[in-house]
Amino acid sequence: MPDDFNIETAEVEGGYVVDERVSDALKEMLSDCREAGYSPQIISSFRTRSTQQWLYDHTANKSDTAIPGHSEHECGLAADIIDSSSAGWSDPLIDEQEDLPAQQWLMEHCQDYGFILRYPKDKEDVTGIIYEPWHYRYVGVEAAKLMEAENLCLEEFIEKYNKDN
C-alpha cells in the first residue's frame, strides 16, 4: 500500500474501526450473528502503518505477521473476529476457532454481508498465508457470493475475473 494511503473510518463497536464504507455491513453481520444466539467479538480491525510496524517488530515469528504496508488491516476492509467464549484463551488465534459456534455461523453467512473468510484452510498455497478462521475481508456481496459458489480465494477470484487477463 502506498505510504500516503488514507481512509475515513467509522467505529463498529468497542473502539474498533473499519473503512466507513463497510462499517454498516460489519455491524449488521455481527448483530445477526448475535440474534442467532452466538457471541462474536472483534479483536482486531483497522491498523495504522505505525501499529502494524510495532506488531511486526514485536512478533517472534515474523511469518505470522504481515510486513507493514502489506496488511489487509491497514486498508480498513478486514477484521479479526473470534467466538467470545475463546477470549480467555492464552491465544484465541488458533485453528480451533473454526469449531466454535459463532465462527461456524460467520463462515456460513459472511458472504451474505459482503465478507469472505480471507485465508481459508485449503488455499494456503495460493494465498501464502496460514489458515486464519478468524480473519474476514470485505469484498462486496456480489463478489463474496461468487467466490463462495466457486470456492475461490481472493487471489483466484482476481486471476479469474481480472478484465486485463
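Would you mind stating whether ALA79 is of a type in the set (A, V, I, L, M, F, W, C) and surrounded by fewer than 20 Cβ atoms within 10 Å (Cβ to Cβ)? It is false that ALA79 is of a type in the set (A, V, I, L, M, F, W, C) and surrounded by fewer than 20 Cβ atoms within 10 Å (Cβ to Cβ).
Taken over region 91-114, the criterion of being open to solvent by 30 Å² or more (accessible area, probe 1.4 Å) and of a type in the set (S, T, N, Q) is satisfied by GLN104 alone.
Of all the residues in region 2-16, those that are modelled with pLDDT under 95 and open to solvent by less than 80 Å² (accessible area, probe 1.4 Å) number 2. ALA60 - would you say it is modelled with pLDDT of 90 or more and either part of a helix (DSSP H, G or I) or on the phi < 0 side of the Ramachandran plot (or both)? Spelling it out, it is not the case that ALA60 is modelled with pLDDT of 90 or more and either part of a helix (DSSP H, G or I) or on the phi < 0 side of the Ramachandran plot (or both).
So which residues in region 78-117 are part of a loop (DSSP other than H, G, I, E, B) and modelled with pLDDT of 95 or more? Of everything in region 78-117, those that are part of a loop (DSSP other than H, G, I, E, B) and modelled with pLDDT of 95 or more turn out to be LEU100, GLY114. Pull up region 17-57, narrow it to residues that are more than 13 Å from the chain's Cα centre (by Cα) and among the aromatic types (Phe, Trp, Tyr), then point me to the one that is surrounded by the fewest Cβ atoms within 10 Å (Cβ to Cβ). Step by step, filter region 17-57, then rank; the result is TRP54. Given the condition farther than 12 Å from HIS73 by Cβ, assigned to a loop (DSSP other than H, G, I, E, B), touching a residue at least 12 places away in the same chain (Cβ under 8 Å) and among the charged types (D, E, K, R), answer yes or no: does some residue in region 8-31 qualify? So far as region 8-31 goes, yes, one or more of its residues are farther than 12 Å from HIS73 by Cβ, assigned to a loop (DSSP other than H, G, I, E, B), touching a residue at least 12 places away in the same chain (Cβ under 8 Å) and among the charged types (D, E, K, R). Annotation note: Cβ proximity below 9 Å between a residue of region 108-131 that is within 18 Å of LEU93 (Cα to Cα) and aromatic (Phe, Trp, Tyr) and a residue that is part of a helix (DSSP H, G or I) and open to solvent by less than 70 Å² (accessible area, probe 1.4 Å) (sequence gap 6+ or interchain) occurs for TYR119/THR127; TYR131/GLU98; TYR131/LYS123. Checked against the criteria, TYR119 counts as of a type in the set (Ser, Thr, Tyr), out of contact with any Leu (no Cβ under 7 Å at 6 or more places or on another chain) and within 20 Å of LEU30 (Cα to Cα).
Would you say GLU132 is exposed (fewer than 15 other Cβ atoms within 10 Å of the Cβ) and over 18 Å from ASP32 (Cβ atoms)? So GLU132 does not fit the description; no.
The values are calculated or read from the model by the stated rules, or taken from the named source; none is laboratory data. Quick caveat: nothing in here was measured; it's all calculated off a predicted structure. With ideal geometry, Cβ positions are generated from the backbone for all residues, glycine too; neighbour counts draw on all protein chains shown. Quick note on the areas: whole protein, heavy atoms, side chains included, nothing else; ligands and nucleic acids left out. Shrake-Rupley method; radii C 1.70, N 1.55, O 1.52, S 1.80 Å.
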